[in-house]
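The values are calculated or read from the model by the stated rules, or taken from the named source; none is laboratory data. Remember, it's a predicted structure, so these values are computed and weren't measured experimentally. All Cβ positions, even for glycine, are placed from backbone atoms using ideal geometry, and neighbour counts span all protein chains on display. These area figures cover heavy atoms from the full protein model, side chains too; ligands, DNA and RNA do not enter into them. Shrake-Rupley method; radii C 1.70, N 1.55, O 1.52, S 1.80 Å.
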Amino acid sequence: MAERSRFGVVVLGGLVAGGAAAVVGARDWVSLDDGGSGDLVFASTGGVDLTAPPVTATALVLLASWGVVLVTRGGFRRAVAWLGLVAAVAVLGFAVASWLVRPDEVADDLPTLDLDVGRTVWAYLGVGAGVLAVTTSVLAVRGVGRWPEMGRRYDSPVEATAAPPSDDAEQASLDLWRAMDEGRDPTDSPDDGTGH
């Protein structure tokens, strides 16, 4: 029971981290203060992108890996958990890099405007989401082998696909195709001589 509850907490934390990173990566990470009224000027200024697209892109990969971990089993599930950890590290790496360099990049793109360039709350939330993503992904890699798995109720039965078709079935199939090639309807019963 404890392992099941830990599984739920880790998965929920991972989904929250991935979803949050995907959302905040599309928000403005850089603030532009015009020095007048103190109001912030956002992405509309000069058409400069103030967001962090790599954070959103890698967060979507992370979310997809969590979805696959939930519905798979065995070795494949472990491999996807490792992929999720790689994606989480990428989310954190891109978030930290964007937090560090985006203000300078935006300032370089707007050299003629007298603006104070800073960071918005979205930049801090993005880094926080990256830290949570890595933490939950590490816990997933460590515990995925003990997590509950989906049932096998809807798996296709092996016995149904194992038996090869019989010679009679193959001959009947060939006869049907031959009749259709000749322009005859293979579902019509042959004429029994009575005219019906």
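Val69 fulfils the conditions (1) over 14 Å from Arg142 (Cα atoms); (2) in contact with a Lys or Arg (Cβ under 9 Å, 6 or more places away or on another chain); (3) of a type outside the set (D, E, K, R) except for a single criterion, (1). The set of residues in segment 126-143 that are closer than 13 Å to Phe7 by Cα, over 18 Å from the mean Cα position of the chain (by Cα) and open to solvent by 10 Å² or more (accessible area, probe 1.4 Å) comprises Leu139, Arg142.
Does segment 155-173 include one or more residues that are at pLDDT below 75, open to solvent by less than 80 Å² (accessible area, probe 1.4 Å) and of a type in the set (Asp, Glu)? Yes, segment 155-173 contains a residue that is at pLDDT below 75, open to solvent by less than 80 Å² (accessible area, probe 1.4 Å) and of a type in the set (Asp, Glu).
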